[in-house]
1. In segment 354-402, what residues are among the hydroxyl-bearing types (S, T, Y) and surrounded by fewer than 16 Cβ atoms within 10 Å (Cβ to Cβ)?
2. Exactly one condition in (1) of a type in the set (V, I, T); (2) at pLDDT 85 or above; (3) closer than 30 Å to Y305 by Cα is false for V541; which is it?
3. Can you spot a residue in segment 501-521 that is more than 30 Å from S47 (Cα to Cα), part of a loop (DSSP other than H, G, I, E, B) and modelled with pLDDT under 85?
4. Which pairs have Cβ atoms under 6 Å, sit 6 or more apart or on different chains, and link a residue in segment 391-413 that is more than 16 Å from E353 (Cα to Cα) to one that is assigned to a helix (DSSP H, G or I) and among the acidic types (D, E)?
5. Identify, please: which residue in segment 641-656 is crowded, with 19+ Cβ neighbours inside 10 Å and out of contact with any Asp or Glu (no Cβ under 6 Å at 6 or more places or on another chain) and is, among those, nearest to V763 (Cα to Cα)?
6. One residue is enough: does segment 730-747 have a residue meeting the conditions acidic (D, E) and without any contact (Cβ under 8 Å) to a residue 12 or more places away in the chain?
7. State the number of residues belonging to segment 262-309 that are outside any helix (DSSP H, G or I), modelled with pLDDT under 70 and crowded, with 18+ Cβ neighbours inside 10 Å.
8. Can you pull out the residues in segment 601-634 that are aliphatic (A, V, I, L, M) and either under 17 Å from T710 (Cβ atoms) or modelled with pLDDT under 80 (or both)?
Amino acid sequence: MYEALSSKITELDVKIQEFISNTEKLSYRQLAAGQKNREELTGLTFSAALREEMARIKDLFDRLRVKLNIVIVGQFNSGKSTFINSLLRREIAMVDETEMTYSLNYLTFGETEKATIQWKNGTTESLAINKVNQMLKENRDQSEFRERIETVMFQYPYRELENINIWDTPGLGSLTKENRERTSSIIQEADVVIWVIDVTALGDASDRMEMERVKNLGKPILLVINKMDLVDTAGAKAEIDEYLNNCYHGLFNKIFYVSSLKEWQSVLGKEPGYGADSGINLVRTYLTGNIFKKKQEIITATFFYDVTQSLQKLLELIEGYQDRLANDVGKIEEFEEELRARAERIIPELQEELRKYVRATLLEKEYRELLARIEKKRHVDEAEFKKLMAAIISDEVINGYVKDAENCMRTILRQKWEIVIGRSAQHMQEQDFNFQGNSSSEVMSSEGSPNLTHEEINDIFTAAGFLAGLSLVTAILFGASAVILAPLTFLLAAISYAAFDNKYEIRRQINQAIMDYRQQFITEIVDHWLIEDAKKKNEGVLQEIVKKVETKYLPFGRRDDYLQIIEAARETMDAVKKTMEFIDEEKTRLDTGVIHLFEERIPRENFIILRDNPGPGVEILEHLLASAQRYVYIIDPYFGVRTLAWLERINSYVSVKILLYNLENQPEEQVAFFSELRKLRQNRQAPIKVRAIKYKNRRGTPIHDRYIFTENWGINLGNGLDAIGKQDINCSFLANPQANQKILFDKYWISRRVRFPDKEEEVVTRDL
């Protein structure tokens, strides 16, 4: 189990750290840009929360490697060291005729053999075990040396120590006041205290005094009567039992009669089989099968509960972060959509105004001048007329009109965009349009336009190509027809020279020729070149405004950055969910003793909530909801105030999400719903999130059937919960609830907008 869990948690940690790195890049980018508003810190705060929760998960796993903490207590020469060696079948405690354990010795597992001395001055010293033992032996009579030692930790790469930590305390007779206090603090961390008593020294009153002191610490005491090889076992046990009941009654949990020497001689091979009746094996069995097993069960059960809660917390953190990012992106998309709708109306308006301008101005000045000169002459022949026309209407004149038309196009386009910006801003204000929690007044200027400076607006028009006029004029002149390149030829061809003697007719023909030329100009210059260029500039302005709004009001970068993080969040949440599923599987496999109500009382069979007798079906559904341990997702377009009471059947620590149809068309129902929802939210640990869904471009809801999903099951309800008692409700278990959840619930919940092939079927959601 440990290896599999370790692998899963390591995989999850890598995914979480990768996700954290991506989110922090955006935050640091903003910091580097000098932005120091509260929003830009959100990503760093979020990543810190993720790190904290992931660290907790790893800590929980580390604690899952259950180790039994044993404290060995006894008088000097009671055989503690031999007992420890016999219990573990390893020579790890020094055995000597003199007192060797005068410090607090900690025996534990390590990849390599070594001993570490913790000095009372706070420093440590790691040496080979034999060197430390030699140092302790040589200095056992040096009080100054002994008083400098806090603890000595001995580490051995022995399998027997993988699940056991042993504190070997000094003999009770050698305990100083300081060591006594230290021993008491260690005992408080112990799972069990093994009290070793020499059978030949049962009458020592100090044992009872110290045992009472330890008993008051609330720890179980196993009494080990050692050196039973020195007495007649058969005859002595009854007397010893009577004595212990009289003198030690109520002070110990269990008594063992052992001969550590017999066991150790057998381990050394000096007396094979000699330790069969040593009693040591009974101690081992009790420690592993009773105390250790119970501790393991408690810790394991606690681990599964705590790690599930932490994983759920991770999920909620990431989901909340994703929701905030998606909300910001959704607002940008809303802004862009509103902007595009207004921008699409600009081009036809611009085209019509530009046509009017050309009709009113093109060659008007030249026409007046030509007429004035003709009036001054009594007679104008063909040659003179051509000369007069050539002097007034030239290619340079037409070139100027092309430039003028283009400048007019740019001016009109800019004016219209300034109006559009203002109207879009007004719309945003009316919709309480906020970015990342900013109020509308912060986002909008007092003039009712996005808070863009004059310089920023100029930058937008520059980036959109409003200064690229000369290149366009050149392109027009070289790409236009001969009519535009040779206006004089076009005009002269439209005039009948036979009418030169009639000035009125000449004026009429000239006027008609110029009007025809204007129409040709409109067709070839305005409707083709200028409008096509205007469309490019129009789209360029739109994109630049959106880009500017993105960089100004999205705290962590551009929309593409957000979309990448949103996708990364989705992948990370999938990884968390897979880990949770694995934890659930391990939990079931290990059978920790936790029996779910669902498993105990409710079969996975379809059921009906009958109209005339809803009780049995309602009870099943109530138990189903009560069985959820992580989340409950509800899809019910008409979920309302009358069905909110069902949420009370769900455990308060379980996250709840509800997807329903927009309540805007039912204002009274909406007020009552929010009132009751607020009460429910106040009485729960986990959140209740509600999201309304509707078609964007028409009334109605894209969801029809009713569903309920949890981490373990999914059901389809034939009717809404508000139909109970009114009609039969068929409740069918889904064969693949996780897959159905992704299709029916997740796709609407994760994205603010769901686009179908038909634009008319676009769906939008909003939080309630």
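1. T361, S394
2. (3)
3. Looking through segment 501-521, at least one residue is more than 30 Å from S47 (Cα to Cα), part of a loop (DSSP other than H, G, I, E, B) and modelled with pLDDT under 85.
4. I392/E366; I392/E369; I393/E366
5. Per the stated criteria, the residue is V656.
6. yes
7. Final tally of qualifying residues: 0.
8. The answer is I602, I620, L621, L624, L625, A626, A628, V632, I634.
The values are calculated or read from the model by the stated rules, or taken from the named source; none is laboratory data. Quantities reported herein were computed from a predicted structural model and do not represent experimental measurements. Here the Cβ is made from the backbone with ideal geometry for all residues, glycine too, and neighbour counts use every protein chain on show.
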